[in-house]
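Worksheet: one structure, shown below.
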Amino acid sequence: MMSREWHSLDQGIIETIKETQDGAPIRLSAIASALGLKVMSTTLPSGISGEIRPDPANPDHFIIRVNRNDSARRQRFTVAHEIGHFLLHREEIGGGITDDVLYRSSLSDRREAQANRLAADLLMPQDLVDEWMERARTLKVDNVISFLADKFNVSEAAMKIRLGIP
Ligand SMILES: [Zn+2]
C-alpha cells in the first residue's frame, strides 16, 4: 500500500514521479531532476546523513547533499528522504534542514516519519515490488528479501519495512 503522504501529493506530481518509476531499481536521479532538485554526494560531518537547503544562487531551488561516506544504498534512502521533505515540508525548510543518521532534524518526529514513508514509496513503489515478488516466486528465489533489496538497490532493512516484515 502506498502511504497517505503519497496520496496527499498533487496529482500532477504523482504523474511526474510515476513516469520515472518504470522499472527497478528506481532512477532516483530522474525523480530529483524532474522536480528541479540538485543532488550532491559530498563530505558532511560524521553523524550527518543528509540535508536540503535553498540554493544560494537561486533561492527558489533546493540542493540536497548526502554524506558520501555512507553506503550507496543508504545515500539513496537519504536522497529519497530529503525529496520527501521537499514534497511534504517545503514551507518549513527555511534556511535548511539537516538530518542525522537516525533521520532526526529540527522538524518533529512526526514529520520525519512522513518523510521516511514517502521515501519508501519513491524507492519501492508497491506495484513494482508486487511484480518482483511474483517473479521471485516463479524463480523460486531462496532469500526473497535480499533478492528484492538487490533489485531495488535498497537496504534489506528498508525492504523489510516495505514488506511489513518485523
Ligand atoms: Zn528528515
Cross-link reach from Lys140 to lysines, straight Cα distance under 20 Å and at least 8 residues apart if same chain, gives Lys151, Lys160
Going highest first, how would you order 1-10, 116-125 by mean Cβ packing within 10 Å? 116-125, 1-10
Taking the Kirkwood radius as the inverse of the mean 1/r across Cα pairs, report the Rg/Rh of the chain. 0.97
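Per residue of the chain, what 222 nm ellipticity follows from adding -39500 (n - 2.57) for every DSSP H run with n ≥ 4, rounded to the nearest 500?
It comes out at -15500 deg cm²/dmol, rounded to the nearest 500.
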Which lysines have a Cα lying under 23 Å from the Cα of Lys38, excluding residues fewer than 8 positions away in the same chain? Lys18
Segment 125-166 pair-distance distribution - Cα-Cα, 10 Å bins, rounded %: 32, 62, 7
Helix axis angle, 72-89 relative to the chain longest principal axis, alpha carbon, degrees: 60
So if I place +1 on the C-beta of Lys and Arg and -1 on the C-beta of Asp and Glu, and nothing else carries charge, what would the dipole magnitude of the chain be about its Cα centre? I want it in debye, nearest 20. 420
Give the long-range amide H neighbours of Ser41: residues separated by 5 or more places, or on another chain, with amide H under 5 Å away, using H modelled in the peptide plane at 1.01 Å from N. Val66
Helix 126-138 sits off the longest principal axis of the Cα atoms of the chain, rounded to the nearest 10 on a 0 to 90 degree scale, by 30
Can you find, among His89, Gly12, Val144, the residue sitting farthest towards the positive end of the charge dipole of the chain, where Lys and Arg contribute +1 and Asp and Glu -1 at Cβ? Val144
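A short reminder: the numbers here are calculations on the coordinates, not readings from a lab. Since we're looking at a predicted model, the values are computed, not measured. Neighbour counts run over all protein chains shown; Cβ positions are idealised from the backbone, glycine included.
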